[in-house]
Amino acid sequence: MRFMIAVLVLTVCSSAVSACPFCLAPMQTWAEMVADAEVVVLAKLLSTHVGSQTEDPFAILEIVEVHKGQGVLPASKRVRMNDYVYGKKGDLFLLRGGLRDAEIPPVIETFATDGPEPVTGTVPRTIQKVSVADDSDSVVSTSTLRTFEWDWADHVSIRSYRYITAAPDPETETPERLKYFLPFLETAGPLVAADAWGEFANAGYEDIVANGKLYPADKLRTWIADSQASPERLGLYGMMLGLCGTAQDANFLEQQIGLPTSGEIRFGVEGLMGGLLLLTGEDGLGFLEESRLKNADASQFDCFAVVQALQFVWAYEPDLIQKQRLRSALYPMLEREDLREIAVRDLARWQDWEAVPLLAGVYEDCRADDTRTTRAIVGFLFVCLKSDQPDDSQVAAATRLLDRIRCENGGLVRSMERDFR
């Protein structure tokens, strides 16, 4: 269980750096894949071949439309994919490809023949002779072959192909790009809906905020309330509703957050909590404290979801709730064995030196069998004593506790001391 929480902590920290605060690790979107490809075409499946003991499976497709790379494409309109392609005759596929370097044995000269038009996935395009000098100063003539290769065939409908090829380039300003993808969230067709979500998941918080007035609150409520809602999208939608909603939406989010789930893992609820805090500030924090942080029956994951929401406010909306109010909201977690390490680490990062007197009791509870929390406490104390912000009483309390830990667990303190020099 604690390993799972550690993984979630890493996810939150990495998301806070480069992408949507409440989204899972961003995926590569279609716009990025199209930008990276030299050639992008729409092709129709003509036939598939399952292969045999002497031949690998392959498929033959016919190019219907070229979106990108007309000058790089082989002359043939028929494409051979050297892999099994799942589909039936007439199905549409988006193909990406380009020229690749391939080393061939040394040659004396090259020549071309007037053979029939090939039907192949790898077509020679250019040959260059290169002279390479070795250590004996002799010259060896080699050739570098540039070949055209198809990367993969992705099943598409004509609608999804139009969506992919009409998408703005990744170099376009992100708020402008998001305007294109917004209408495609939860649209019919899983490929398009997932990709549109991925664009938002890749976007920074400030870019998502920029379009806040455009978000459809009525649709967001519908998507959030759907029992089949995808967990990785729920957090985004909760945050978006917090950016565009009203007091009515705050009540809706409270209902959706609901009562503690007694151990049920509900991914995405942290985004609903973040949305609630955006709409209600300290009032929403009070609700989360009473229903979770101060509630002994609340599960570890319920409480950690609140922590993620508080981390979001601290990092992205620093003026929304007074900082010491956010810090003190974590104090009840110091009394819970399954959450105290996380609380100590966050309080150290948030430089909450008012919490120093509380750590003596935490150490008393964890020193015998909880090395992870003990390490977190030692790290907190080192950060505190290196800071110029604690008052004299806080410095004295931190020094006393660190000296005690040093006497009881000198090896741990010395091993960490090197990291804080």
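Inter-label distance, A368 to R336: 2.3 nm, where each label sits 7 Å from its Cα along the C-beta direction. Multiplying the residue separation of A315 and S393 by 0.36 nm and subtracting their alpha-carbon distance yields 25.2 nm.
If you place +1 on the Cβ of every Lys and Arg and -1 on the Cβ of every Asp and Glu, how big does the dipole about the Cα centre of region 365-415 come out, in debye to the nearest 20?
It works out to roughly 240 debye.
Nearest 0.05, what FRET efficiency do K44 and E171 give at R0 = 41 Å with Cβ-Cβ as r? About 0.85, to the nearest 0.05.
Which one, V413, L339, W314, is farthest towards the positive end of the dipole of region 297-414 when Lys and Arg carry +1 and Asp and Glu -1 on their Cβ? So the residue we want is V413.
Counting beta carbons within 10 Å around each of T399, T246, T174 and listing the fewest first gives the order T246, T399, T174.
Look at the dipole of region 201-349 built from charges on Cβ: of G271, F301, A201, the Cα furthest out on the positive end belongs to A201.
In this rough spin-label picture, where each label sits 7 Å from Cα along the Cβ direction, the E290-M416 distance is 3.6 nm. In this rough spin-label picture, where each label sits 7 Å from Cα along the Cβ direction, the D36-Q228 distance is 3.1 nm. Ordered by the count of other Cβ atoms within 10 Å of each Cβ, fewest first, T48, T54 give T54, T48. Centroid-to-centroid, using Cα positions, region 269-309 and region 317-331 are 13 Å apart. Each Lys or Arg adds one and each Asp or Glu subtracts one; over the other residues with Cβ under 13 Å from the Cβ of V192, this totals -2.
Taking neighbour counts of Cβ atoms within 10 Å as a proxy for exposure, in what order, fewest first, do L185, L236 appear? Show your work: numbers first, answer last.
Working: L185 22, L236 26.
If I rank by nearby Cβ atoms, fewest first, I get L185, L236.
Think of each Lys and Arg Cβ as +1 and each Asp and Glu Cβ as -1; about the Cα centre, that makes the dipole of region 25-108 roughly 380 debye. Computed from the C-beta positions of F267 and E206, the FRET efficiency with R₀ = 22 Å rounds to 0.35.
May I ask you to derive the FRET efficiency for L385 and Q70 from their Cβ-Cβ distance with R0 = 51 Å, giving the value to the nearest 0.05? If you can, show how the numbers build up before the last one.
Values: r = 66 Å, r/R0 = 1.29.
Once rounded, the FRET efficiency stands at 0.20.
Here, each number is a calculation from the coordinates, and none is a lab measurement. Just so it is clear, the structure is predicted and the values come from calculations on it, not from any experiment. With ideal geometry, Cβ positions are generated from the backbone for all residues, glycine too; neighbour counts draw on all protein chains shown.
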